[in-house]
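Novice: Supplied in structure tokens, the structure appears directly below.
The values are calculated or read from the model by the stated rules, or taken from the named source; none is laboratory data. For clarity, every value in this text was computed on a predicted model and none was experimentally measured. Note: ideal-geometry Cβ built from the backbone for every residue, glycine included; neighbour counts use all protein chains shown.
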Protein chains: 2
Amino acid sequence: MGHTKEHEKKLTITDVAKALGVSKTTVSRAISGKGRIGSETKERVLEYIQEHNYKPNVLAKGLAQLKTFNIGILLPEDYTVVDLPFFQTCLIGVQETAVSMDYDVLLTMGKENDCTQLARMVENHKVDGVILMRTFTKDPHIEYLKSQGIPFLTVGSTYYQGVVQVDNDHQSACRELISILLLKGMKRIGLIGGIESHVVTQSRLQGYVDACKMAGVPIDKSIIHVNVEKDMMIELGVEKLLENGVDCIVCLDDAVCIHVLNKLRKESISVPKEMKVASFYDSSILENNLPSITSLYFDARELGNVACKTLLEIIEGNQVKMRTLLGYEVILKESTK
Amino acid sequence: MGHTKEHEKKLTITDVAKALGVSKTTVSRAISGKGRIGSETKERVLEYIQEHNYKPNVLAKGLAQLKTFNIGILLPEDYTVVDLPFFQTCLIGVQETAVSMDYDVLLTMGKENDCTQLARMVENHKVDGVILMRTFTKDPHIEYLKSQGIPFLTVGSTYYQGVVQVDNDHQSACRELISILLLKGMKRIGLIGGIESHVVTQSRLQGYVDACKMAGVPIDKSIIHVNVEKDMMIELGVEKLLENGVDCIVCLDDAVCIHVLNKLRKESISVPKEMKVASFYDSSILENNLPSITSLYFDARELGNVACKTLLEIIEGNQVKMRTLLGYEVILKESTK
DNA sequence: CTGAAAGCGCTTACAG
DNA sequence: CTGAAAGCGCTTACAG
């Protein structure tokens with residue numbers, strides 16, 4: 001058995017107009033607030049629709065205005081990444097401001113080089129604009145959206161010209177974190193995690209370099225390990241870092257950090273006594289770790305809020321800043337004491 | 001600056017009809033496959049729209065058929081839960097089958113007792129049906145959707161009458177896990193985690209009880225700790241379990257399990273030598289734990305697939321099973337050796 | 001097999 | 001201040 005109860009048949013603008021003895025035009029104006037209308041008439045209409053719980057059909061409204069009142073959001077599909085709370089939280093942020101502006105969020109997944117889902121959504125006229133939740137140095141999604149001329153922006157930075165972007169200031173964040181660690185007396189700070197083709201990784205590496213330069217510390221590529229996706233590679237990376245005599249390991253995300261911590265535990269290396277550790281994102285995954293882990297904090301929810309608000313501005317034809325950089329916090333905990 | 005490039009103006013059915021010297025009716029029929037149409041004409045139309053990359057406007061189609069080709073999905077909003085990979089994976093499952101049937105997924109968040117977002121989406125006519133990703137013993141969302149008569153189903157079981165539901169067989173799963181542990185010689189198996197008002201927790205508790213009964217083991221409520229959401233409460237729960245002399249701790253989800261493992265580590269209790277541990281969900285959070293953790297595995301992606309397929313059946317007016325139960329696997333690892 | 005026409009529920013010049 | 005009418009891009013009886 002499927003569902004049995006019938007949809008109550010929904011009121012339309014015509015019903016309302018008839019009931020009130022006015023024209024559909026008038027009802028429409030009362031609701032939208034556009035166009036001249038007598039305040040008394042307006043009152044009557046609003047009261048009536050209130051009472052009878054009339055809700056305009058957004059589809060029809062959209063058709064008349066050639067809009068959908070939906071925004072699309074492209075979430076990474078690869079498993080390692082989907083687990084990161086960052087995306088969920090950012091998504092919540094997008095969603096909550098979308099709803100507050102009476103838009104809805106349409107979800108799409110996509111791998112680095114697969115535009116099919118995104119293209120389908122755009123070509124089916126299902127969205128007024130798109131938010132890309134992640135950027136690559138070479139990014140087919142960006143290229144596609146540019147070619148379509150549909151409003152969009154990226155969460156995360158990109159080198160593409162003319163693309164609106166909203167991001168945390170990862171470069172400064174990483175620079176500050178590393179500077180602090182250097183000040184605290186660490187000499188050789190190893191880096192592990194991140195994927196080279198992600199712009200965010202580039203920004204962080206730059207921040208690392210900046211901090212080293214400022215402190216007059218030479219850069220040693222043998223203690224920087226990116227593209228260590230699989231667990232085995234992380235373990236290997238840690239081994240190399242140990243061989244190369246680092247006194248601190250900075251992890252580019254919390255998932256990597258968990259593995260690093262496991263590995264150190266396996267090797268019976270105690271944190272922070274024998275090795276300092278810090279991570280990006282102050283996520284719940286690491287929340288209760290012993291020792292607590294020094295990390296950078298980015299407000300993913302606010303990032304989502306800002307991204308969504310900016311996209312809606314673009315959709316409505318307003319000018320927006322090409323690049324919005326949001327802040328960060330360095331949270332010092334036991335793991336670097 | 002916002003975006004500059006204009007939308008290329010899109011082809012409409014009228015353009016196609018004109019270009020081919022046929023009526024809109026004919027074009028529509030060629031595309032939908034409904035109604036009689038000469039196979040040659042059909043060819044011509046399909047070829048043309050192929051070549052000129054014409055895509056029908058789903059909005060207009062929807063308006064004419066009073067459909068949206070969207071389904072809504074209600075995700076839990078509370079932070080602790082959003083982190084669980086289960087929901088993401090299930091969401092991916094829903095999304096991928098939705099897309100394969102040319103539907104899109106509209107995202108909504110909601111807390112246990114807050115229907116506003118869901119109601120907004122439904123009343124705005126934005127979806128043809130809804131999937132609830134979690135169920136409560138007393139569930140306002142279910143009550144709301146029933147009252148609206150809109151097609152919906154729940155992922156997870158519910159006691160409400162006449163509600164279509166898709167779920168893994170948590171009761172059997174838990175029964176089997178516990179039975180196996182008892183067979184392996186454990187005497188006092190503690191339970192920790194889960195929220196009492198979730199139906200899934202009830203099912204698992206029932207499975208636990210079943211297994212104990214079958215084995216003739218008495219039930220001791222002092223070693224069952226539900227509603228331990230905050231970290232502190234988990235620690236306390238573990239302490240109580242220790243006091244009460246359990247030889248095995250079964251965690252109702254992996255997030256709780258992480259905290260339990262941390263606590264045991266803090267207390268220098270070694271797993272599995274001094275304490276056995278098992279968990280629900282074989283998620284990546286615990287993937288690399290040492291020792292590896294015995295757990296139940298549910299195929300969340302398939303669950304999403306099935307849920308979505310079932311909802312679409314309902315939407316299209318077909319009969320469906322009221323309750324679909326999917327399987328599980330017990331994965332034995334080091335933590336219970 | 002094909003088409004003219006009405007309709008889905010809105011918006012918006014245009015006229016009054 | 002208000003309304004009749006055309007239009008958004010489709011679908012679908014109905015007629016031929």
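Novice: In the range A:179-204, which residues are part of a helix (DSSP H, G or I), at pLDDT below 95 and out of contact with any Cys (no Cβ under 8 Å at 6 or more places or on another chain)?
Specialist: Those that are part of a helix (DSSP H, G or I), at pLDDT below 95 and out of contact with any Cys (no Cβ under 8 Å at 6 or more places or on another chain): A:Val199, A:Val200, A:Thr201, A:Gln202.
Novice: Just to be sure I understand, how many residues within the range B:148-194 are free of Cβ contacts under 8 Å to residues at least 12 places away in the same chain and within 20 Å of B:Val320 (Cα to Cα)?
Specialist: Count: 2.
Novice: Please state which of the following conditions B:Ser100 fails to meet, knowing it meets all the rest: (1) surrounded by 15 or more Cβ atoms within 10 Å (Cβ to Cβ); (2) within 11 Å of chain A (Cβ to nearest Cβ); (3) more than 12 Å from DNA strand C (Cβ to nearest atom); (4) at pLDDT 90 or above.
Specialist: For B:Ser100, the failing item is (1).
Novice: Confirm whether A:Glu47 is farther than 30 Å from A:Glu112 by Cβ, more than 16 Å from DNA strand D (Cβ to nearest atom) and either touching a strand residue (DSSP E or B) at 6+ places or on another chain (Cβ under 7 Å) or outside the structural domain of A:Gly129 (by TED's automatic domain parsing) (or both).
Specialist: Considered against the rule, which asks whether it is farther than 30 Å from A:Glu112 by Cβ, more than 16 Å from DNA strand D (Cβ to nearest atom) and either touching a strand residue (DSSP E or B) at 6+ places or on another chain (Cβ under 7 Å) or outside the structural domain of A:Gly129 (by TED's automatic domain parsing) (or both), A:Glu47 comes out as no.
Novice: Which condition from (1) at the interface with another protein chain (Cβ under 7 Å from one of its Cβ atoms); (2) touching a His at 6+ places or on another chain (Cβ under 6 Å) is the one that B:Pro85 breaks?
Specialist: (2)
Novice: Which one is farthest from B:Ile180 (Cα to Cα), of the residues in the range B:301-329 that are among the aliphatic types (A, V, I, L, M) and crowded, with 18+ Cβ neighbours inside 10 Å?
Specialist: The residue in question is B:Ile315.
Novice: Among the residues in the range A:13-20, are any away from DNA strand C (no atom under 16 Å from the Cβ), more than 10 Å from chain B (Cβ to nearest Cβ), buried (at least 18 other Cβ atoms within 10 Å of the Cβ) and not charged (D, E, K, R)?
Specialist: No.
Novice: Can you find, within the range A:42-69, the residue that is nearest to A:Gly21 (Cα to Cα) among those that are part of a helix (DSSP H, G or I) and of a type in the set (D, E, K, R)?
Specialist: Looking at residues that are part of a helix (DSSP H, G or I) and of a type in the set (D, E, K, R), I get A:Arg44.
Novice: Based on what the data block shows, is B:Leu183 over 25 Å from B:Glu229 (Cβ atoms) and hydrophobic (A, V, I, L, M, F, W, C)?
Specialist: Against the criterion (over 25 Å from B:Glu229 (Cβ atoms) and hydrophobic (A, V, I, L, M, F, W, C)), B:Leu183 qualifies.
Novice: Condition test on B:Ala211, is it free of Cβ contacts under 8 Å to residues at least 60 places away in the same chain, surrounded by 15 or more Cβ atoms within 10 Å (Cβ to Cβ) and either over 14 Å from B:Val277 (Cα atoms) or not acidic (Asp, Glu) (or both)?
Specialist: In short, yes.
Novice: Quick one: is A:Val250 more than 14 Å from every other protein chain (Cβ to nearest Cβ), modelled with pLDDT of 95 or more and assigned to a loop (DSSP other than H, G, I, E, B)?
Specialist: no
Novice: I want to confirm something. Restricting to the range B:17-41 and keeping residues that are in a helix (DSSP H, G or I) and among the hydroxyl-bearing types (Ser, Thr, Tyr), which single residue is farthest from DNA strand D (Cβ to nearest atom)?
Specialist: Ranking the candidates gives B:Ser39 first.
Novice: Tally the residues that are surrounded by fewer than 17 Cβ atoms within 10 Å (Cβ to Cβ), on the phi < 0 side of the Ramachandran plot and near DNA strand C (Cβ under 8 Å from one of its atoms), restricting the search to the range B:21-59.
Specialist: Qualifying residue count, the range B:21-59: 9.
Novice: Also, quick follow-up: Take the residues of the range B:50-78 that are within 9 Å of chain A (Cβ to nearest Cβ), of a type in the set (Gly, Ala, Ser) and out of contact with any strand residue (DSSP E or B) (no Cβ under 8 Å at 6 or more places or on another chain): which is farthest from DNA strand D (Cβ to nearest atom)?
Specialist: Taking the candidates together, the pick is B:Gly62.
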